[in-house]
Amino acid sequence: MSKVAIIYHSGYGHTKKQAEAVQTGALAAGAIVDLIAIDAEGNIGDADWAALKASDAIVFGSPTYMGNVSWQFKKFADASSKPWFAQEWKDKIAGGFTNSASMNGDKLSTLHTMFTLAMQHSMVWVGTGLMAANSKAAQRNDINYVGSFAGLMAQSPSDSTPEEGPLPGDLETAKLFGKRIAETADRVKK
């Protein structure tokens, strides 16, 4: 049984909803999951740092603001230099997710920031492993409709509440991503 830590910042609740869906998928795969919210000031507690250290996998999450991670997530990333110096996260499974108002919204830049953070920590990055819904018959609520392979992407209209977005297909994609992370961590752990 793997231990998965999901560390995320959510400005308005949409990314939190995405994080909870990733958590649901990881739990369905039998993982023990720590859901860690970065607060509005960009901080996490000592117990959260300990949970990250004890995990087999760390999944990073942030909304995409102005083409990159939120400043709160960036503050957390910069603060991770202490575990980086000791290489505490080396060989842990890593993945990332993001949400923005636009279908594109430069979400890949956000995932690249998370990927670079994971590489700095000598982690092993895992993408979605899901084919994109890109046929003429594709519907907005299909699995991986946003079409990301590098990490999990979701879209929530700018005027939607967290109850309205992300849409069910994006949340189902998040569950499958969480399951993949947990299963990959299990395989690597053995």
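The values are calculated or read from the model by the stated rules, or taken from the named source; none is laboratory data. This is a predicted model, so every value here is computed, not measured. Cβ coordinates were reconstructed from backbone atoms using ideal geometry, including for glycine residues, and neighbour counts include every protein chain displayed. Quick note on the areas: whole protein, heavy atoms, side chains included, nothing else; ligands and nucleic acids left out. Shrake-Rupley method; radii C 1.70, N 1.55, O 1.52, S 1.80 Å.
Structure data summary
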{"quantity": "Residue in the range 79-99 that is touching a strand residue (DSSP E or B) at 6+ places or on another chain (Cβ under 8 Å), of a type in the set (S, T, N, Q) and modelled with pLDDT of 95 or more present", "calculated": "yes"}
{"quantity": "Filter result for the condition that a residue is under 14 Å from the mean Cα position of the chain (by Cα), modelled with pLDDT of 95 or more, aromatic (F, W, Y) and assigned to a loop (DSSP other than H, G, I, E, B), over F149, F115", "calculated": "F149"}
{"quantity": "Of all residues in the range 1-31 being closer than 15 Å to T173 by Cα and of a type in the set (S, T, N, Q), the one that is most open to solvent (accessible area, probe 1.4 Å)", "calculated": "T24"}
{"quantity": "The range 48-66, subset in a loop (DSSP other than H, G, I, E, B) and open to solvent by less than 20 Å² (accessible area, probe 1.4 Å), residue farthest from Y8 (Cα to Cα)", "calculated": "S55"}
{"quantity": "Contacts under 8 angstrom Cβ, first residue in the range 137-160 being at positive phi, partner assigned to a loop (DSSP other than H, G, I, E, B) and open to solvent by 40 Å² or more (accessible area, probe 1.4 Å), 6 or more apart", "calculated": "N144/M131; G147/N134"}
{"quantity": "Which listed residue is more than 16 Å from the chain's Cα centre (by Cα) and without any contact (Cβ under 8 Å) to a residue 60 or more places away in the chain, from K82, K74", "calculated": "K82"}
{"quantity": "Residues satisfying the stated conditions in the range 87-112, i.e. part of a helix (DSSP H, G or I) and open to solvent by 30 Å² or more (accessible area, probe 1.4 Å)", "calculated": "L108, S109, H112"}
{"quantity": "Selection status of S122, modelled with pLDDT of 95 or more, of a type in the set (G, A, S) and touching a strand residue (DSSP E or B) at 6+ places or on another chain (Cβ under 8 Å)", "calculated": "no"}
{"quantity": "Residues located in the range 67-84, provided they are under 22 Å from V33 (Cβ atoms), hydroxyl-bearing (S, T, Y) and open to solvent by 10 Å² or more (accessible area, probe 1.4 Å)", "calculated": "none"}
{"quantity": "Qualifying position, being under 13 Å from the mean Cα position of the chain (by Cα) and of a type in the set (K, R), among K107, K136, K90", "calculated": "K107"}
{"quantity": "Residues of the range 152-190 satisfying the condition of being open to solvent by 10 Å² or more (accessible area, probe 1.4 Å), of a type in the set (D, E) and not in a loop (DSSP other than H, G, I, E, B)", "calculated": "E172, E183, D186"}
